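Okay, so here's the structure we're looking at.
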Amino acid sequence: MTDEEAGGFPIAFRTAYAGLVERAPVEPGRSLLVLGAAGNSGAAAVQLGKALGATVIAVAGGRSKTEFCARHGADHVIDHRTEDLTARVTEITGERGVDLIYDPVGRETAATTLKSIARGGRIAVIGLAVGTTVPLDSVDILLRTYPAVGVLAGHDKDPDVEAAVWSRLTRLAAEQTITTLVGTVHSFIDVPDMIAGQGAPGPGKSVVRVAG
Ligand SMILES: NC(=O)c1ccc[n+]([C@@H]2O[C@H](COP(=O)([O-])OP(=O)(O)OC[C@H]3O[C@@H](n4cnc5c(N)ncnc54)[C@H](OP(=O)(O)O)[C@@H]3O)[C@@H](O)[C@H]2O)c1
């Protein structure tokens, strides 16, 4: 890995592993819908989901991001700015709906995708890029029988378990099955501008180069 790829690797992929392997295991052949799929967490989930054999539906806003997702392995891509999310998910999954939603974004977009969850499907709650988590309706959870699973990337207390996680992730990286999709590399002096732009981030991981 380059330094930039290495810098962007641990959090994104440890989170994706926690979501897709430990907390809401995704099985080969099942559908995985990833929100914010061109973002840091989302792009990692797209790649790990593909490595685990899922059919990946990437949701992103704008053409440069949807093209980015298609280039990096998503089976289906939906532009939430211009397309009807529910109609497109039905078109892709049929009456079944989607088996797992990976949600680092929150609020309305995530709430809309819940309408398309399969019976027995799941939502993995990762984050709240828009500022508010997905609004969950316990009656809907009850009637349509889907669990919502919180995912917080951390380290397992058992060092052997954690070593096995990193061994698997680094092996996938060595095979180039997963990689940090570096977006813009900023110099340290540009950090205030970079932070100011995080309300409308471009595709890929933003990286700051600290060393001179
Ligand atoms: N649970 C964990 O352990 C864990 C680990 C890492 C990160 N997180 C959380 O996950 C969330 C996303 O992190 P990330 O690193 O993936 O972020 P990111 O790379 O900036 O991606 C976030 C995506 O959210 C979408 N978005 C929509 N409205 C936005 C807004 N107002 N501001 C920013 N993004 C917006 C954008 O996608 P579109 O333009 O395509 O809609 C963007 O690509 C954060 O809340 C972070 O704290 C949680």
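Values quoted throughout were computed directly from the atomic coordinates according to the rules given, and no laboratory measurement underlies them. Note that the structure is a prediction, hence the values are computed from the model and not measured. All Cβ positions, even for glycine, are placed from backbone atoms using ideal geometry, and neighbour counts span all protein chains on display.
Can you tell me the dipole magnitude for the chain around its Cα centre, using point charges on the Cβ only (Lys, Arg +1; Asp, Glu -1), in Debye to the nearest 20?
Magnitude of the dipole: close to 220 debye.
Tell me the label-point distance for the pair Thr132, Asp160, using the 7 Å Cα-to-Cβ offset, in nm and rounded to one decimal.
If labels sit at Thr132 and Asp160, their model points lie 4.7 nm apart.
Out of every Cα pair in the range 81-212, what percent are spaced more than 20 Å from each other?
Summing the P(r) tail past 20 Å for the range 81-212 gives 64 percent.
Along the Cα→Cβ direction, 7 angstrom out, place labels at Val185 and Ile141. What is the inter-label distance in nm?
4.4 nm
One-quarter of the Cα convex hull surface for the range 1-65, in nm²?
Its average projected convex-hull area is 4.5 nm².
Take the chain, connect every pair of alpha-carbon atoms lying under 10 Å apart with a spring to form a Gaussian network, then pick out the residue of Gly49, Gly62, Gly94 with the largest mean-square fluctuation.
The residue with the greatest mean-square fluctuation here is Gly94.
What base-10 log of the normalised intensity I(q)/I(0) is obtained for the range 3-150 from the Debye formula, alpha carbons as equal point scatterers, at q = 0.15 Å⁻¹?
-0.67
Of Thr112, Thr15, Thr82, which has the largest mean-square fluctuation in a 10 Å C-alpha GNM of the chain?
Thr82
Direction-averaged shadow area of the convex hull around the Cα atoms of the range 158-212, nm²?
Averaging across all directions leaves 5.9 nm² for the Cα convex hull.
Given the options Ile57, Ile189, Ile78, state which has the largest fluctuation in a GNM of the chain using a 10 Å cut-off (strictly under) for Cα springs.
So, out of Ile57, Ile189, Ile78, the one fluctuating most is Ile189.
Which whole-number percentage describes the relative contact order of the chain, with Cα contacts under 8 Å and a sequence gap of 6 or more?
22 percent
I need the shape label for the range 65-155. Rule: rounded when a/c is under 1.5, else prolate if a/b > b/c, else oblate, with a, b, c from the alpha carbon gyration tensor.
oblate
For Ser31, enumerate residues with amide H under 5 Å from its amide H, sequence gap 5+ or separate chain, H modeled in the peptide plane.
Residues meeting the criterion, in which the H sits 1.01 Å from N, are Thr55, Asp99, Leu100.
Ignoring everything except DSSP H segments at least 4 long, calculate the 222 nm mean residue ellipticity for the chain; use -39,500 (n - 2.57) per segment, divide by total residues, nearest 500.
The per-residue figure over the chain is -11500 deg cm²/dmol.
Apply the Karplus parameterisation 6.51 cos²θ - 1.76 cosθ + 1.60, with θ equal to phi minus 60°, to every residue of the range 123-133 and state each ³J(HN,Hα) to the nearest whole Hz, in sequence, with x for glycine and proline.
So the Karplus estimates, Gly and Pro as x, are 10, 9, 8, 9, x, 9, 4, 7, x, 9, 5 Hz.
Using a cut-off of 27 Å between alpha-carbon atoms, which lysines can reach Lys157, once sequence neighbours fewer than 8 places away in the same chain are excluded?
none
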